[in-house]
Amino acid sequence: RYEPTWGSLDARPLPAWFDEAKFGVFIHWGVFSVPSFGSEWFWWYWQQEKRNPYVKFMEANYPPGFSYEDFGPLFTAEFFDPNRWADILKASGAKYVVLTSKHHEGFTLWGSKYSWNWNAVDVGPKRDLVAELAASVRNRTDLHFGLYHSLFEWFNPLFREDATNAFKTRKFPTSKSLPELYEIVTKYQPEIIWSDGDGNAPDTYWNSTGFLAWLYNDSPVRDTVVTNDRWGFGSICRHGGFYTCSDRYSPGHLLPHKWENCMTIDRSSWGYRRDAQLGDYLTIEDLVKQLAETVSCGGNLLMNIGPTHDGRIAVVFEERLRQMGSWLEVNGEAIYGTKPWRAQNDTVTPGVWYTFSPKEGKINAIFLNWPVSGILELGEPQAKLGETQVKLAGYKELLKWVTLGEKGMVIALPQLTPQQLPCQWGWTLQLTGIN
């Protein structure tokens, strides 16, 4: 059994499925999807920081005295079709999904008995959005279902009172945050608890170790659940399950601890923005590069989309997800279930990232630029005559190569028209019989 101490909890081995999965989809959805302007931090920027664009946006479009709470009934979700969402998630090639069950605004996407009249069952959609998506994902896909949960709430009077008391009182975690966490685990049995938003309070204020000890020892998901590292001020990148370290974290080198790069397709926001321009969205080339780089350095990629207030996954997000799925159909063997190789990227040719498939003893070299010459030079693999074989994922014939001794090898790529290429945006060489 695990003790409620970081020493004990951090010794728990991460369930193997998470490292094998490599790729997940993050979904930021909530009342902030109604103004869908600027950022999912809309309420804070408008009311607390009184940032000019937000104040002006409200003055121009809403009557005087309109409060953030008035957005609640406008979060309608009339087009939310959980089966459609599940089908898009499946088509993306992702192996897990993480939904914001509650963001910093405090609005819960399930009918929480600890969030009276500020939840999706009492206000807005009048539906349990968490339950509906969980059911569809489990019925129609093999994705693991996870939930994001914000520890703190910007404007909750109990949290503000505790903060004023320098967190010597604990009214908010005992009456709101912790009961919610126990509620979502017991009710929805998520296999990921993605905690966030410590409000600058230490983990002792949140009783994070007490909750995690229960989660790992006695909860219905004790054997399969994974957690992140956001459990109180100072715990990030130090304690918990996998490390996130910071948003859009991509170290570019191997880390000794399992980590995740959580990032957004929209460069500027996690929630949906009506004011986004096409150039604000990462291209599929950008995303494939992030996936290859992240996985080669031992991480998972958690790629975020923001649905609309009426429950649609915008076409641009759907396209990126389906593009990623089509790329993974060809190159998935270089991603899923791989381990980092001794070299993460190539020393001679930039834009080449390595992974290792332990079962087949294969080295995968993912290259992002097809060389004009048709010749690819790799500085890292040391080939052996008569033993080494080189394949291009999605192409039948073996490729010709010559060894450069200690200095690597040169590979002749097949001469293909763009239509004949097995995929776009990045390709995988599968090398066997390498020293």
Kindly provide the helix-only [θ] at 222 nm of the chain, computed as the sum of -39,500 (n - 2.57) over DSSP H runs of four or more divided by all residues, to the nearest 500 deg cm²/dmol?
-7000 deg cm²/dmol
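Mind checking the full-extension length gain between THR347 and THR164? Use 0.36 nm per residue of separation minus the Cα-Cα distance, one decimal, nm.
On the way: separation 183, 0.36 × 183 = 65.88 nm, distance 5.33 nm.
Result for the pair: 60.5 nm of gain on full extension.
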Identify, among TRP214, ALA86, ILE27, the residue whose Cα sits farthest towards the positive end of the charge dipole of the chain, taking +1 on the Cβ of Lys and Arg and -1 on the Cβ of Asp and Glu, with the dipole about the Cα centre.
TRP214
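Can you give me the Kirkwood hydrodynamic radius for the stretch 339-432, using every pair of distinct Cα atoms, in Å to one decimal? Spell out each step's value before the answer.
Details: mean 1/r = 0.0744 Å⁻¹.
Across the stretch 339-432, the inverse of the average 1/r is 13.4 Å.
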Straight-line reach check, LYS126, cutoff 20 Å on alpha carbons, 8 or more apart in-chain or any other chain, hits among aspartates and glutamates -> GLU69, ASP70, GLU78, ASP81, GLU105, GLU180, GLU183, ASP310
For a distance above 28 Å, tell me the whole-number percent of Cα pairs in the chain that qualify.
52 percent
Karplus-derived HN-Hα couplings along the stretch 38-46 (A = 6.51, B = -1.76, C = 1.60, θ = phi - 60°), whole Hz, x at Gly and Pro:
x, 6, 5, 8, 3, 4, 5, 5, 6
Could you give the length gained by full extension between LYS391 and SER373, i.e. 0.36 nm per residue of separation minus their alpha carbon distance, to one decimal place?
4.7 nm
Karplus-derived HN-Hα couplings along the stretch 95-110 (A = 6.51, B = -1.76, C = 1.60, θ = phi - 60°), whole Hz, x at Gly and Pro:
10, 8, 9, 10, 9, 6, 5, 7, 9, 5, 6, x, 7, 9, 7, 10
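Cα-Cα pairs above 22 Å in the stretch 19-113: how many percent? Intermediate results must be reported in sequence, preceding the final value.
Values: 1870 of 4465 pairs.
Tail fraction, whole percent: 42.
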Highest-MSF residue in the chain out of GLU105, GLU377, GLU360 [GNM, Cα springs under 10 Å]:
GLU360
Taking the Cα centre of the stretch 6-334 as origin and charging only Cβ (+1 Lys, Arg; -1 Asp, Glu), how large is the dipole, in debye to the nearest 20?
340 debye
Full-extension gain in nm, GLN424 to GLU329, via 0.36 nm per residue minus C-alpha separation:
33.0 nm
Work out the charge dipole of the chain with +1 on the Cβ of Lys and Arg and -1 on the Cβ of Asp and Glu about the Cα centre, then indicate which of TRP17, MET303, ILE265 is farthest towards its positive end.
TRP17
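Just the number please: accessible area per residue for the stretch 6-334, 1.4 Å probe, all protein chains included, in Å².
Numbers: 12150 Å² over 329 residues.
In whole numbers, the stretch 6-334 has 37 Å² accessible per residue.
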Any idea how far apart LYS113 and THR224 come out in nm if each label point goes 7 Å out from Cα toward Cβ?
2.6 nm
Accessible area in square angstrom per residue, the stretch 339-432, 1.4 angstrom probe
53 Å²
Counting only residues 5 or more places away or on other chains, whose amide H sits under 5 Å from the amide H of THR349 once H atoms are built in the peptide plane?
GLY379
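Once the Cβ-Cβ distance between ASN200 and SER268 is put in as r, and R0 is 25 Å, what FRET efficiency do you end up with, to the nearest 0.05? Working shown, then result.
On the way: r = 24 Å, r/R0 = 0.97.
Efficiency computed from Cβ-Cβ geometry: 0.55.
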Could you derive backbone 3J(HN,Hα) for the stretch 70-75 from the dihedral phi with the Karplus parameters 6.51, -1.76 and 1.60 (θ = phi - 60°), listing whole Hz in sequence and x where the residue is Gly or Pro?
5, 6, x, x, 8, 7
Please compute the modelled spin-label separation between GLU69 and LEU416, points set 7 Å along Cα→Cβ, answer in nm with one decimal.
5.9 nm
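Could you work out Rg/(2.2 N^0.38 Å) for the stretch 60-115, with Rg from alpha carbons only?
This ratio for the stretch 60-115 stands at 1.53.
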Which three lengths, in whole Å and largest first, does the stretch 67-175 cover when its Cα atoms are put on their principal axes?
49, 28, 20
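The values are calculated or read from the model by the stated rules, or taken from the named source; none is laboratory data. Predicted, not measured: the structure shown is a model, and the values here were computed from it. Using ideal geometry, Cβ is built from the backbone for each residue, glycine included, and neighbour counts are taken over all protein chains shown. These area figures cover heavy atoms from the full protein model, side chains too; ligands, DNA and RNA do not enter into them. Shrake-Rupley method; radii C 1.70, N 1.55, O 1.52, S 1.80 Å.
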